[in-house]
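Next up is a structure, given as structure tokens.
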Amino acid sequence: MQQRNWNGLIIIIFLLTLVSSGWLSSVHAQAETTTDQAPSERDKTSLGYLVTHNYALGAASNFNLFATNNYVQANSVDNARIAANHFQLNNWEKSIGWNQQVDGMDSHMLVVNQLADDSNTLSTRLATDQTAGVFAAEADDTKSLTNTAGQAIKPDALSSVTDFADNGISSFEDAAKQLSDLSDFYNSPEQLKATFSSDFLNIKDIPESEISGGQGIDTTITDSGQHQLLVVNIPVTEAKQLRKNYTDITINIDYITKEKTEPVVILNFPKLTDTLEFYSSNDTVNVTYGPEGDQTQIKDKNHLLLNFDRLSTLGFNNKFVGSVMAPNTDVTIHNLNTNITALAAKNIAVDSSVNTDGAQGVFNPTDFSDPKNAADNTEETKKVNATARWKGASGDQSSLSFDQPAVLDTQFGYYDATDYYVSWQGYKNAKLYVSGDNQKTWRLLKNSQQPAVSGEGVFDSTTNGTAFYPSRGIAIVQSVADGRITFSTATTRTIDFALATDNPGTSGVTKLWSSNITYNLAPFKLSVPTQVAFDQITSANASDLTVVPKVAPQVMAVNASHVPYQLSVKGDASVAEPKTADQNVFLGSNQFTYQDDGLVALMTDAKQLLSVTPTASDAADSYNTRLRAAALNETTSNLNGFQL
């Protein structure tokens, strides 16, 4: 018999079960409040006024790193606004990045009194293409820096920086005094009660009898109302009192409350004066809230402020446990595996390349600026509060609230779900809509607690029993290259929310309020051959010819998302030569056999599969069982044993 190369097609069909479930996720947002009170009623530079008018930390409110004295940076810092009395960089041409411009926030990414006069500092690159409005200085003789294009950036005057001008701050000396006064402000029950309403503010003192060395802090605070601001005074005098068994810092506070939106929590340490180091990966500052037995962790570090009024030295390694105000403290940041939110201190040294949460990370809660929460509550406001909640693999619950578009750094898999709670006021006839396809379509979230005209509304998915799964219902993208077809899913997904009187997708309808949340998704990728060539004869006689693939086809998969899927193996009655149907060697679409060569246990029942016409479902079920558990990281599997 003349030898010929027979080429058949085996098409591997991929079925991904990404079924959308329920409505879409949750948001936390707050619209702008009404206008400021008249200057005659309150001094606009008083702390009480500033804290309730968008400056919770005074001039430092919208900075990620704020040093009233010396700031030293060893490497590049990404996505950060930095202010420092004396700025020094210890490596050549390292950069400062600020890539999250936000409406209403000043554009200057670096604000200084003066720069260190050395070549490394003067080589600092600002990661921008701008040449103005990004660098400002107090000292008149401050030299220029450069942008990423090598263009000179001359410093603007300190008075041009909104953060300083609005606070009546004309020097870093003034800023240092203000930060110290603010630390005292949050330590003062009298000043807090004069600023915030009793419905909003909850102050609790941990008794000194509960403080002792080797135990850490583990306490439960029960709220009789629904207070959104919790201030906890912790009277430790030595760092060892915060260390459980004198090793790991352990601060656990359970806040039992009916409040469903994520609260703002301030932890005061008014008597702690020595050195505090967060160097262990087991160091914990864990504040949870919610009903008893159903606590949710406050994940947003910009909702958790640690106020160290008298601490001398503070060090961070591994984790950044919460936003920090420490007006008299030397702070050192080593290698971090988390982002920085906000840090305002006397001296700051950053020893490694770090990232921040940018505009999303600053400590400036919009609830503070809501007139409803003020002690002299006389103004009406438009307001949206919302919180996304999810449960991790360990069973712990976490939450995220935000005032502007935000990114959730937790990686979601196929079985990970979120719930959300959204409430609003001041939006008459408004309804809440959600979009999961980049605002192409919008869907109304049904709401049983939405008065028609009052402008108030509430949506709570936990009462509806409908959770949202970010990794489901997403598009599959396919690409073909080098004889392989690859199926993959996106690694991020943005969910948009809007208040409107009608569907926001309708022409002429204006969004009264909108925001979004972006989820990070665990990867899924599957790569299979587009064609399997049976190009090697293994036996031939007058009545029979057997051909097999010379090179075993391979399936490569990544399934960190734990997506349930199936692979189907099917024969196709087409060959390279001959091309007419009556000459085709195939007798049907599945006329091939599978020989188990022991290298890969592709099929579960080898005896059955040695017979003719194995079905596609046989192959899919058995291979799916084998592949699903093994593909968290990229794996390659050979499809051995096919023959015609």
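If the cut-off is a Cα-Cα distance under 20 Å, which lysines reach residue 440, setting aside same-chain residues fewer than 8 apart in sequence?
Reachable lysines: 431, 511.
Further, regarding this structure: In sequence order, what are the phi-derived ³J(HN,Hα) couplings for the range 413-424 according to the Karplus relation 6.51 cos²θ - 1.76 cosθ + 1.60 with θ = phi - 60°, rounded to whole Hz, with x for glycine and proline?
x, 4, 9, 8, 10, 10, 10, 8, 10, 10, 10, 8
If you don't mind, there's one more thing I want to ask. Going 7 Å from the Cα of residue 70 toward and past its Cβ, which residues in the range 342-360 have a backbone nitrogen under 16 Å from where you end up?
The answer is 345-351, whose backbone nitrogens lie closer than 16 Å to the label point.
What lysines does residue 260 reach when the alpha-carbon gap must be under 16 Å and sequence neighbours fewer than 8 apart in one chain are set aside?
Straight-distance partners of residue 260: 299, 383, 391.
Follow-up question, since we're still on this one. Hey, can you find the accessible area per residue of the range 73-152 for me, probe 1.4 Å, expressed in square angstrom?
42
If you don't mind, there's one more thing I want to ask. Apply the Karplus curve 6.51 cos²θ - 1.76 cosθ + 1.60, θ = phi - 60°, to the phi angles in the range 184-201 and return the couplings in whole Hz, x for Gly and Pro.
5, 4, 6, 8, 9, x, 5, 5, 5, 5, 6, 9, 10, 6, 5, 6, 9, 9
Sticking with this structure for a sec: In the range 287-433, carbon and sulfur make up what percent of the accessible area (probe 1.4 Å)?
40
For the range 56-177, what is the charge dipole size about the Cα centre, in debye to the nearest 20, if Lys and Arg each add +1 at the Cβ and Asp and Glu each add -1 at the Cβ?
260
Obtain the nm distance between the two label points defined at residue 352 and residue 170 by a simple spin-label model: each point lies 7 Å from its Cα along the Cα-to-C-beta direction.
If labels sit at residue 352 and residue 170, their model points lie 4.3 nm apart.
Let me ask something else about it. Give me, ordered by chain and number, the residues 5 or more places off residue 256 or on other chains with an amide H under 5 Å from its own placed amide H.
Residues meeting the amide H criterion: 221, 222, 223.
Now, a different point. Using only the Cα atoms of the range 386-536, build the gyration tensor, take square roots of its eigenvalues as a ≥ b ≥ c, and label the shape rounded, prolate or oblate: rounded if a/c is under 1.5, else prolate if a/b is larger than b/c, else oblate.
prolate
Take the solvent-accessible surface of the protein heavy atoms, probe 1.4 Å, and return the percent of it on the range 101-238 that carbon and sulfur atoms account for.
41
Roughly speaking, to the nearest percent, how much of the range 518-566's 1.4 Å accessible area is carbon and sulfur?
Looking at the range 518-566 in its full context, I get 49 percent from C and S.
With a 1.4 Å probe and all protein chains left in place, how much accessible area per residue does the range 228-383 have, in Å²?
33
Please list, ordered by chain and number, the residues whose modelled amide H lies under 5 Å from the amide H of residue 196; skip anything fewer than 5 residues away on the same chain.
375
Tell me which residues come under 5 Å, amide H to amide H, from residue 332 once H is placed; ignore anything under 5 positions away on its chain.
Long-range HN contacts for residue 332: 314, 315, 316, 349.
Follow-up. From the phi angles alone, apply the Karplus equation (6.51, -1.76, 1.60; θ = phi - 60°) to the range 342-355 and give each ³J(HN,Hα) in whole Hz, x where the residue is Gly or Pro.
Running phi through 6.51 cos²θ - 1.76 cosθ + 1.60 with θ = phi - 60° gives 10, 9, 10, 8, 6, 10, 10, 10, 10, 8, 9, 5, 10, 10 Hz.
The values are calculated or read from the model by the stated rules, or taken from the named source; none is laboratory data. Since this is a predicted model, take the numbers as computed values, not measurements. Ideal geometry is used to build each Cβ from the backbone, glycine not excepted, and the neighbour counts take in all protein chains shown. Surface areas here come from the heavy atoms of the whole protein model, side chains and all, with no ligands, DNA or RNA. Shrake-Rupley method; radii C 1.70, N 1.55, O 1.52, S 1.80 Å.
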